[in-house]
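Structure first, then comments.
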C-alpha cells in the first residue's frame, strides 16, 4: 500500500489444485460467469484463456501454438502466427467430425474435443495443460455434478520445446498418452524422458538420414555444411557427422552462424575455400538462408555451390525470390505427408460467423485478409464481407495430414482397446478400463495402423515415431525458363534399420 494505491504482485502468489500442482494466482479469476444473474453461479476455477470445448463420453484434448510467445510472464501470448497452428487446430476439428461419422470407429461413442493455445511458450503451455481439468469443470450443469468423460490421451504440441514441457507436466499425475503431429526434436524419441510420447512425424534425425541418402546417391564424397547454432541444429549436425562418416563421406567445412557472427560474406569466403566441396548442407532459418544467398550473389560466385536444404516448398520459393541465379540446381529434401482435398473444401467454407465456438477464427480471418473485423483493430482497413478463402492464396499446410493421422491413430487405438478389452460392455461399465492404467491405451494407440492421408499404411516405429516419407526436389528452369522445383525422387524408409 503506497500513497493510497495497493500494489499486489499476484504473479508471485501461488495457488494449488487438487493434485497439488502449482499455478500462479494471476490465473485465478473470482467472478461469476453468469451474466444474467451475478449471484447465480457456483464457484469454479478457470484460466482466463480462449479454448474450444465440446465433451462427449470420450474426449480428446489438443494443444496448438496458434500465437507467438509473449514478451513477459504477465503477457505470455504474442501475435497470431501465420496459418500453421490454426490449420492444425482446424484439421483436428475436421478429423473429429470424420471419426464421428464413421460407424466402425468408436461405435456408439461420440468423440469430444478440447482445444487450447499454448502461444509457442513452454512455460505457459505447461500452465494451460495443468488447467485443463479445471476448465472441464465449466461444462458441468450444475457444477456440482461430475463429468462422465474419459480422457485417454492428448494431442500436442506444434513446437518441440512446448511438447517437451507438456510431456514433463503430463508425468506429474496425469499420465495420458501424448501424440504430437509436428514436433521433430530428436530428444522426444527418448522414452526414458518421455515415456508416453508418440508422434506422427519422424524426428530430425530422420531428415538428416534422408539428406545423407541423397548425397550418397549423387556420388558425392566431400561436402560442407552451414548451420545456425540452435540446440536442435547442433544435435542434427552431430547426427550428420556420424552418418557421413559411416558412409565414408568427408566434411570439408563446418560453418556456424550465431548472433555475434552475422557477416555472411565471411561465411561465403569460408565455404569457398573448401575447394572441391560444391555440395553445402544448409541448416539455417529462412531469413538467414536468404542472407547467405544474397552474399553469394554480391560476390558473383555463380554455379559454385549446390545447396541442400530441408525448407518447405513455399518457404524455399520466398527465400530464393530474386536470387534464382545463385540458387539454381538446389536440392530440397521435404516431407511427403500427403494432401487431403476434402480438408480444403472444409477449410474454404469457413466464414467469420460459421463456427461460433471457434475462439481464433476472427483473428485468423483478419490476419489472412489483412482487414479489420473489430477484433483488436490491428488492421486499418475494414473487412468488406466479400472475402473468401476460395479466392485467396490459401495453401494447405504440410502438417495438416500429420494432425489428421494423429486423431485417427487415437481413434483406431481406442476402438481396438474397447473391442478387445470390453467386448459388448459399454463405457462406463467396462471394469477392464481403469483411469490410472496408462500402459493399456499407450500400447493400443502405438499399434494402430490405417490408410493415411498420403494413401500409404500409417504406423508408428518401434519407439513411437512416424515413418520417414520424403520428396527430393531439384530447383531447375522449365521450358519457359521459369524456375520451379521438380520432384526427382521419393525416399521412404523406417529408422528401425537406420544408423545407431
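A few notes on this one:
- When the criteria are applied in full, residue 236 meets the requirement of being touching a helix residue (DSSP H, G or I) at 6+ places or on another chain (Cβ under 6 Å), farther than 23 Å from residue 406 by Cα and crowded, with 22+ Cβ neighbours inside 10 Å.
- Scanning segment 383-426 for residues that are in a loop (DSSP other than H, G, I, E, B) and surrounded by 16 or more Cβ atoms within 10 Å (Cβ to Cβ) yields 383, 387, 394, 396, 397, 398, 399.
- Of everything listed in (1) outside any strand (DSSP E or B); (2) modelled with pLDDT of 90 or more, the single unmet condition for residue 141 is (2).
- Selection count where residues are outside any helix (DSSP H, G or I) and modelled with pLDDT of 90 or more, scope segment 427-441: 0
- Positions within segment 442-463 being farther than 22 Å from residue 339 by Cβ and modelled with pLDDT under 95, in sequence order: 461, 462, 463
- Elements of type strands (runs of 3 or more DSSP E) contained in segment 147-265, each with 1 or more residues being under 26 Å from the mean Cα position of the chain (by Cα) and not assigned by TED's automatic domain parsing to the domain that holds residue 306: 153-155, 177-180, 197-199
- Residue within segment 295-304 that is assigned to a loop (DSSP other than H, G, I, E, B), farther than 30 Å from residue 250 by Cβ and not assigned by TED's automatic domain parsing to the domain that holds residue 371 present: no
- Meets criteria (within 30 Å of residue 354 (Cβ to Cβ) and either at pLDDT 95 or above or surrounded by fewer than 21 Cβ atoms within 10 Å (Cβ to Cβ) (or both)) for residue 471: no
- Test: residue in segment 331-350 that is buried (at least 18 other Cβ atoms within 10 Å of the Cβ), in contact with a helix residue (DSSP H, G or I) (Cβ under 8 Å, 6 or more places away or on another chain) and over 22 Å from residue 398 (Cα atoms): no
- The residues of segment 386-429 that are over 17 Å from the mean Cα position of the chain (by Cα) and closer than 23 Å to residue 354 by Cα, listed by number, are 386, 387, 388, 389, 390, 391, 392, 393, 394.
- Residue selected from segment 274-294 under the condition part of a loop (DSSP other than H, G, I, E, B) and in contact with a strand residue (DSSP E or B) (Cβ under 7 Å, 6 or more places away or on another chain), by the criterion nearest to residue 205 (Cα to Cα): 284
- Meets criteria (at negative phi, assigned to a helix (DSSP H, G or I), outside the structural domain of residue 62 (by TED's automatic domain parsing) and buried (at least 21 other Cβ atoms within 10 Å of the Cβ)) for residue 364: yes
The values are calculated or read from the model by the stated rules, or taken from the named source; none is laboratory data. In this text the structure is predicted, and so the values were computed from the model without any measurement. Positions of Cβ are generated from backbone atoms using ideal geometry, with glycine treated the same way; all protein chains shown enter the neighbour counts.
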